[in-house]
1. For residue 165, only one of the following conditions fails: (1) closer than 16 Å to residue 41 by Cα; (2) within 16 Å of the chain's Cα centre (by Cα). What is its number?
2. Being assigned to a strand (DSSP E or B), basic (Lys, Arg), at pLDDT 85 or above and out of contact with any strand residue (DSSP E or B) (no Cβ under 6 Å at 6 or more places or on another chain) is the requirement here; does residue 35 meet it?
3. Give just the number: which of (1) in contact with a Ser or Thr (Cβ under 7 Å, 6 or more places away or on another chain); (2) more than 28 Å from residue 48 (Cα to Cα) does residue 146 not satisfy?
4. Against the definition (farther than 17 Å from residue 34 by Cβ and not polar (S, T, N, Q)), how does residue 74 come out, yes or no?
5. Quick check on this structure: which one of 53, 120, 70, 108 is surrounded by 15 or more Cβ atoms within 10 Å (Cβ to Cβ), over 28 Å from residue 160 (Cα atoms) and either at pLDDT 85 or above or not basic (Lys, Arg) (or both)?
6. Among the candidates 28, 21, 43, single out the residue that is basic (Lys, Arg) and in a loop (DSSP other than H, G, I, E, B).
7. Can you name the residue in segment 123-162 that is among the charged types (D, E, K, R), at pLDDT below 90 and crowded, with 16+ Cβ neighbours inside 10 Å and is also nearest to the chain's Cα centre (by Cα) among such residues?
Amino acid sequence: MLTATLRPARGAARTLRTTLRVAPCATRFSARQWRTTAGSALRLRVDSRTPVGSVTFTVPGAVARGLGTGRPAGRVRVVTGAGGRQFDLRAGRAGTPAGLSAAPGRPGVQVRGRTVAVTGVPAGAGIVEVTVYQPRAPRGPRLLRRGARATATARVRAATTRRLTAWIERSAG
């Protein structure tokens with residue numbers, strides 16, 4: 001119940017009441033870019049109320065240059081009902097982007113071009129977050145200008161497949 005009392009400069013006060021019906025989003029995707037001492041970082045995150053099986057992130061070319069080739073390469077974080085676990089991505093070699101091989105209880109991550117694929121997500125995972133580091137320009141991307149609009153997409157596979165989009169936010173730093 002929301003109650004608001006309006007008091008005009010003249011006349012009697014009025015009280016308005018209404019009931020708000022709210023529910024958390026079933027699935028949310030966020031993307032954020034920021035400067036690091038060695039270049040920049042890009043964080044892609046999916047929060048879901050239902051378990052996530054795998055996620056494929058696609059970013060625009062404006063932020064894809066050098067994806068996963070920075071030092072450190074990046075990390076993946078997975079949160080289940082039992083808690084969160086974080087794994088470091090294996091650094092790429094000779095211009096090859098970072099990755100992580102799937103193992104029991106550990107997801108696999110493959111960075112290729114503009115795409116970051118996370119497979120083998122542990123059962124019951126509701127949050128999947130990938131952070132990839134990129135070198136400074138010209139090998140890596142320039143930070144987005146303030147107010148620039150760049151859209152990233154996430155394809156979340158679980159019982160059903162969802163395609164989500166998000167504006168990439170530029171964080172201060």
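The values are calculated or read from the model by the stated rules, or taken from the named source; none is laboratory data. Source: prediction; values computed, not measured. Cβ atoms come from the backbone with ideal geometry, glycine included; neighbour counts cover every protein chain shown.
1. (1)
2. Working: assigned to a strand (DSSP E or B): yes; basic (Lys, Arg): yes; at pLDDT 85 or above: yes; out of contact with any strand residue (DSSP E or B) (no Cβ under 6 Å at 6 or more places or on another chain): yes.
Here the answer is yes, as residue 35 does meet what is asked.
3. (1)
4. Numbers: farther than 17 Å from residue 34 by Cβ: no; not polar (S, T, N, Q): yes.
So residue 74 fails the test.
5. From the options 53, 120, 70, 108, the qualifying one is 70.
6. On the way: 28 fails: in a loop (DSSP other than H, G, I, E, B); 43 fails: in a loop (DSSP other than H, G, I, E, B).
Matching residue, one of 28, 21, 43: 21.
7. Kept after step one, since they are among the charged types (D, E, K, R), are these residues of segment 123-162: 129, 136, 139, 142, 145-146, 149, 155, 157, 162.
Subset that is at pLDDT below 90: 136, 139, 142, 145-146, 149, 162.
From what is left, the residues that are crowded, with 16+ Cβ neighbours inside 10 Å are 136, 162.
Details: 136: 21, 162: 15 Å.
Result: 162.
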